[in-house]
Amino acid sequence: MGTTELISLQLRMFLIMLVGLFFRKKNIISQEGKKNLTDLVIYLILPCNIVKSFMIEFDSSTLLNFGWILLISVLIQVFCAILAKTLYRRTEEEHRPVLMYATVASNSGFLGNPVAEGVFGSMGLALASVYLIPQRIVMWSAGVSYFTKGTDRKAIVKRVLTHPCIIAVFLGMILMLTQVSLPSFLDAALKDIGNCNTAMSMLVIGTILADVKPREMLDKSIFLFSGLRLVLIPLVVYVGCLAFRVDGLVTGVSVLLAAMPAASTTAILAAKYDGDAVYASKCVVLTTVMSLIATPLWSMLLLKGI
């Protein structure tokens with residue numbers, strides 16, 4: 001993808017976000033409708049897209065790339081967990097769990113997958129799906145513990161293993177390794193549903209942006225966190241990948257997903273466990289807005305290395 005195509009992709013995604021924002025503002029999409037759209041993406045559209053992305057011919061280099069990106073993702077989660085534990089000791093107590101969770105959990109699945117697919121194609125989406133395995137494990141285990149004093153380990157394991165996107169990754173890898181061809185009607189259905197991913201994801205992001213007033217986001221601590229989430233963390237990943245001469249495509253997907261905004265589940269968990277849900281919503285929205293600038297810049301830089 002060249003610079004012109006990248007800019008066109010970003011403009012299309014931004015336009016769809018504006019449509020979601022407008023529909024939410026006019027209450028054409030209600031609060032309940034926003035939740036239903038989110039569930040539709042997570043439980044149907046994104047899993048179909050993930051399974052379809054793995055239905056490719058593969059060789060030893062493909063499996064090597066999967067191994068590399070899985071390792072990089074694990075190291076990123078370790079790095080982010082260390083940052084979460086050390087950076088916020090002097091932060092206001094009610095804000096601390098929000099910032100800790102948002103440091104280890106980005107919106108890589110909801111926003112990162114369509115961006116990775118748009119910038120790097122189907123292989124980019126397949127790599128992104130593997131990258132997300134460690135993060136999904138951390139966000140539903142250590143991540144939840146930031147908001148609670150104790151966690152039910154069995155419930156956490158069940159939640160991770162039954163997450164539709166995790167199941168989709170395993171199914172996709174089985175299809176890729178066995179090279180089994182699905183019936184044409186099923187293959188076409190997966191493709192048709194999966195192709196809705198970018199549009200539906202951006203539409204939902206737009207509805208999220210609609211619910212926060214611009215003036216409410218003017219918080220110094222959130223601006224500083226945005227720099228950490230969108231610049232510092234991906235920069236560390238980028239330098240590390242260059243130092244170890246990691247494959248350009250693997251580097252591109254890893255850095256791009258590391259540069260995603262705070263996970264939308266930050267606000268959901270804060271509300272569920274009586275945390276500062278308003279502050280969490282500001283983190284999600286502001287980092288998402290700023291990612292509209294950061295993501296194209298990172299994308300253009302990374303495309304030069306492929």
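The values are calculated or read from the model by the stated rules, or taken from the named source; none is laboratory data. This one's a predicted model, so the numbers in the text were calculated from it and none came from an experiment. For neighbour counting, all protein chains shown are included, and Cβ atoms are generated from backbone atoms with ideal geometry for every residue, glycine included. Calculation scope for accessible area: heavy atoms of the full protein, side chains included, ligands and nucleic acids excluded. Shrake-Rupley method; radii C 1.70, N 1.55, O 1.52, S 1.80 Å.
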Checklist entry - Between LEU257, LEU63, LEU15, which gets the highest mean-square fluctuation from a Gaussian network model of the chain, Cα cutoff 10 Å? => result LEU63
Checklist entry - What order do LEU292, LEU269 take when sorted by accessible area (1.4 Å probe), most exposed first? => result LEU292, LEU269
Next on the checklist: Treating only the Cβ of Lys, Arg, Asp and Glu as charged (+1, +1, -1, -1), what charge dipole size does region 46-199 show about its Cα centre? Round to the nearest 20 debye.
Outcome noted: 660 debye
Next on the checklist: Using only the alpha carbons of region 26-80, what is the convex hull's orientation-averaged projected area in square nanometres?
Outcome noted: 6.3 nm²
Checklist entry - When the distances between all Cα atoms of region 117-215 are binned every 5 Å from zero, what whole-number percent does each bin get? => result 2, 9, 13, 17, 18, 16, 12, 7, 3, 1, 0
Checklist outcome for this item: Beyond 13 Å, the calculated P(r) of region 221-265 holds a percent of Cα-Cα pairs equal to 54 percent
Checklist entry - So what's the Cα pair-distance distribution over region 1-144, bin width 10 Å, in %? => result 10, 29, 34, 23, 4, 0
Next on the checklist: Which log10 I(q)/I(0) values does region 85-125 give at q = 0.13, 0.21, 0.35 Å⁻¹ under the Debye formula, counting every alpha carbon as one identical point scatterer?
Outcome noted: -0.44, -0.65, -1.08
Next on the checklist: Taking 4 °C and 1.567 mPa s as the conditions, I'd like the Stokes-Einstein D for region 158-227 in µm²/s, using the Kirkwood hydrodynamic radius from alpha carbon pairs.
Outcome noted: 80 µm²/s
Item to check | Centre separation in Å (Cα based) which lies between region 264-291 and region 19-47 | outcome: 17 Å
Checklist entry - Size of the dipole of the chain about the Cα centre, Lys and Arg at +1 and Asp and Glu at -1 on the beta carbon, nothing else charged, in debye to 20? => result 660 debye
Next on the checklist: Positive end of the dipole of the chain, charges at C-beta (+1 Lys, Arg; -1 Asp, Glu), about the Cα centre: which of SER291, VAL78, HIS95 has its Cα farthest in that direction?
Outcome noted: HIS95
Checklist entry - Rounded to the nearest 0.05, what FRET efficiency is calculated for ARG215 and THR178 with R0 set to 51 Å and r the Cβ-Cβ distance? => result 0.40
Item to check | Separation of the ILE268 and LEU64 label points, Cα + 7 Å toward Cβ, nm | outcome: 3.8 nm
Checklist entry - How large is the accessible surface per residue of the chain, computed with a 1.4 Å probe and reported in Å² as a whole number? => result 48 Å²
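Output the DSSP H helices from the chain with an along-axis C-alpha extent of no less than 20 Å and a mean Kyte-Doolittle hydropathy no less than -0.5.
On the way: long enough: 3-25 (33 Å, 1.12); 60-87 (40 Å, 1.74); 113-139 (26 Å, 1.00); 164-178 (21 Å, 2.49); 277-303 (37 Å, 1.61).
Both cut-offs are met by 3-25, 60-87, 113-139, 164-178, 277-303.
How much of the accessible area of the chain, in percent, comes from carbon and sulfur atoms when a 1.4 Å probe is used?
Numbers: 9660 of 14680 Å².
With neighbouring chains kept in place, the figure for the chain is 66 percent.
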Checklist entry - Could you give P(r) for the chain, binned at 10 Å from zero, as whole percent values over all Cα-Cα pairs? => result 6, 28, 37, 23, 5, 0
Checklist entry - Which order do GLU93, GLU57, GLU32, GLU117 take by accessible area at a 1.4 Å probe, largest first? => result GLU57, GLU93, GLU32, GLU117
Next on the checklist: Using protein chains only and a probe of 1.4 angstrom, how many square angstrom of MET55 are accessible, to the nearest 10?
Outcome noted: 50 Å²
Item to check | Unit Cα scatterers, Debye sum, region 159-280: log10 I(q)/I(0) for q = 0.11, 0.12 Å⁻¹ | outcome: -0.64, -0.75
Item to check | Along each principal axis, Cα extent of region 245-306, largest first, Å | outcome: 45, 21, 11
Checklist entry - For region 75-144, with only Lys/Arg (+1) and Asp/Glu (-1) charged at the beta-carbon, what is the dipole magnitude about the Cα centre, in debye rounded to 20? => result 200 debye
